[in-house]
Amino acid sequence: MELTLQEIMSISGYPGLFKFVSRGRMGAIVESLTDGKRMSLSVNAKASSLSDIAIYTDEGEMPLGDVLKKIRDKEQGQPAPDSKATPANTLKTYFGEILPSYDRQMVYDSHIRKVLAWYNQLQAKDMLAVLDAQHEQAEEADKADE
């Protein structure tokens, strides 16, 4: 079974991305995509599924999955600029090429760095197919509704 963006999460206070493994008695069990270590996540932890994250644009919000696809298309599946080593102004210009209508008042440098770091982590783990899996699931749900 292939992962979806819903099963990949960001956890406040922890670097990188995590894969949902299962439910535990006191919360959830997740596995770091960085080092493969598992940990128990309490119910009080601030965790967000990547499918629930969106980027503010002038027209509204764009799902993170769509933004990651735009980066993948621009980079042709290769890594994006290093979010730590690249100057903030260069990252803003790059993000403006990816998403020209992003809301420059609401999207901070730290958000751009995080999105690029997440993309690079998924790319390094050869997990960019997760972006297509999400799209296919949405299409199947639309067909089921018809």
Looking at the structure I just gave you, is E97 at negative phi, part of a strand (DSSP E or B) and surrounded by fewer than 18 Cβ atoms within 10 Å (Cβ to Cβ)?
no
Yes or no: A85 under 21 Å from V130 (Cβ atoms), part of a loop (DSSP other than H, G, I, E, B) and hydrophobic (A, V, I, L, M, F, W, C)?
no
Which of the residues that make up region 8-45 are farther than 17 Å from A124 by Cβ, of a type in the set (S, T, N, Q) and at pLDDT 90 or above?
S12, S22, S40
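Is it the case, given these coordinates, that L68 is in a helix (DSSP H, G or I), crowded, with 16+ Cβ neighbours inside 10 Å and touching a Phe, Trp or Tyr at 6+ places or on another chain (Cβ under 7 Å)?
On the way: in a helix (DSSP H, G or I): yes; crowded, with 16+ Cβ neighbours inside 10 Å: yes; touching a Phe, Trp or Tyr at 6+ places or on another chain (Cβ under 7 Å): yes.
For L68, the condition - in a helix (DSSP H, G or I), crowded, with 16+ Cβ neighbours inside 10 Å and touching a Phe, Trp or Tyr at 6+ places or on another chain (Cβ under 7 Å) - is met.
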Keeping to region 21-39, report how many residues are free of Cβ contacts under 8 Å to residues at least 12 places away in the same chain and in a loop (DSSP other than H, G, I, E, B).
4
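Look through V107, V130, V115 and report the one residue that is surrounded by 12 or more Cβ atoms within 10 Å (Cβ to Cβ), in a loop (DSSP other than H, G, I, E, B) and either modelled with pLDDT under 95 or not aromatic (F, W, Y) (or both). Step through it out loud before you land on a result.
On the way: V130 fails: in a loop (DSSP other than H, G, I, E, B); V115 fails: in a loop (DSSP other than H, G, I, E, B).
Only one candidate qualifies: V107.
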Of the residues that sit in region 71-94 and are under 19 Å from L50 (Cβ atoms) and buried (at least 18 other Cβ atoms within 10 Å of the Cβ), which one is modelled with the lowest pLDDT?
S83
Looking only at region 56-67, decide whether some residue is free of Cβ contacts under 8 Å to residues at least 40 places away in the same chain and either touching a Cys at 6+ places or on another chain (Cβ under 9 Å) or over 27 Å from D132 (Cβ atoms) (or both).
no
Being assigned by TED's automatic domain parsing to the domain that holds P15 and under 16 Å from the mean Cα position of the chain (by Cα): is that true of K69 here?
no
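The values are calculated or read from the model by the stated rules, or taken from the named source; none is laboratory data. The structure presented is a predicted model; accordingly, all values stated were derived computationally and were not measured. Here the Cβ is made from the backbone with ideal geometry for all residues, glycine too, and neighbour counts use every protein chain on show.
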